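Okay, structure first, notes after.
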Amino acid sequence: MRLNKFLAQAGIASRREADRLIAAGRVKVNGRVVREMGVQIDPDRDQVMVDGRPVRPRPATYTYLLLNKPAGYITSRKDPQGRRTIYDLIPKRYHHLHPVGRLDYPSEGLVLLTDDGELTQRLTHPAFRHEKEYWVQVAGQVPEVTLHKLRKGVTLADGPARARVRYLGKIPPEQRFWIQPDPRHTWLVFILHEGRNRQIRRMCEAVGLRVRRLIRVRIDAIHIHDLKPGQWRLASKRQLKAIRRIREA
């Protein structure tokens, strides 16, 4: 990072004024006075001082946006086939944000968009083992023995896969406006620590189940709650606290 940019981001001065401070010999990097323009520093390793006082970078501020993706949208910026994308659902001022993981075209539910690369890495890399919870409606009635097979693990083309699986039971009141019980079919809860392409759909196919709806409701402690399909909102204070915990773990 350029030294003048670092000083500006730290709130010391504008970039132009920072250049004046540097030219005047008032800035030191690792104990040495720096007068040259365009000097590059590493904010994490180099010590910067102005007028004898250490300069610390301000904590970066990031944006976290929660979207309830309806079926029939692509989790991408553009689609060669001209299909609608999740960016059609959010204001243009948030189009610089990227999705944390993906939901396929027919899937629904929580998509987290952010400009926080550290959080994205922690939530998408399986080594960190952050939970993702999905509610899955499958056709017909599902015996317990089938759930046992899914828990034990099935073999897919890209390797073995298993999940924590249970019956959904009673649908929470805040989700009843878009998730209705149907005695002809079964709602299941899948909890994964990874997110391979179409993993849940392929696991269900492996044990003879046909998926009718697939909805992601939670990423770690970030829950969709009462967010309606097609709606978005910025992370709440409680969700920001959960995000901070994930980043610092």
- [ ] Determine, yes or no, whether TYR62 is of a type in the set (Ser, Thr, Tyr), more than 30 Å from ARG212 (Cβ to Cβ) and assigned to a loop (DSSP other than H, G, I, E, B).
- [x] yes
Task: Breaking point among (1) assigned to a strand (DSSP E or B); (2) closer than 26 Å to ARG212 by Cβ, for ARG83 - done: (1)
TODO: Look at the stretch 1-47 and say how many of its residues are assigned to a loop (DSSP other than H, G, I, E, B), without any contact (Cβ under 8 Å) to a residue 40 or more places away in the chain and not acidic (Asp, Glu).
DONE: 14
Task: Test: ASP104 is at pLDDT 90 or above and under 23 Å from GLN199 (Cα atoms) - done: yes
TODO: Output the residue which, of all residues in the stretch 40-65 that are among the aliphatic types (A, V, I, L, M) and surrounded by fewer than 16 Cβ atoms within 10 Å (Cβ to Cβ), is farthest from the chain's Cα centre (by Cα).
DONE: MET49
Open item on the list: Given the options ALA127, ALA139, ALA163, name the one that is out of contact with any helix residue (DSSP H, G or I) (no Cβ under 8 Å at 6 or more places or on another chain), of a type in the set (A, V, I, L, M, F, W, C) and at pLDDT 95 or above.
Closed with: ALA139
Open item on the list: Being under 25 Å from the mean Cα position of the chain (by Cα) and either in the same structural domain as ILE215 (by TED's automatic domain parsing) or not in a strand (DSSP E or B) (or both) is the requirement here; does ALA71 meet it?
Closed with: yes
Task: Every residue from the stretch 223-249 that is under 16 Å from ILE171 (Cα atoms) and in contact (Cβ under 8 Å) with a residue 60 or more places away in the chain - done: HIS223, ILE224, LEU227, LYS228
Task: Counted residues, the stretch 129-148 - those being touching a residue at least 24 places away in the same chain (Cβ under 8 Å) and either outside the structural domain of ARG218 (by TED's automatic domain parsing) or in a helix (DSSP H, G or I) (or both) - done: 2
Open item on the list: Please list, ordered by residue number, the strands (runs of 3 or more DSSP E) wholly in the stretch 149-231 having 3 or more residues that are assigned by TED's automatic domain parsing to the domain that holds GLU108 and under 23 Å from ILE86 (Cα atoms).
Closed with: 211-219
Open item on the list: Taking the criterion of being in contact with a strand residue (DSSP E or B) (Cβ under 8 Å, 6 or more places away or on another chain), farther than 15 Å from HIS193 by Cα and of a type in the set (Phe, Trp, Tyr), would at least one residue in the stretch 124-134 satisfy it?
Closed with: no
- [ ] With respect to THR75, determine if the residue is of a type in the set (Val, Ile, Thr) and farther than 24 Å from ASP226 by Cα.
- [x] no
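The values are calculated or read from the model by the stated rules, or taken from the named source; none is laboratory data. Quick caveat, the model's predicted, so the values are computed rather than measured. Positions of Cβ are backbone-derived with ideal geometry, glycine not excepted, and every protein chain shown enters the neighbour counts.
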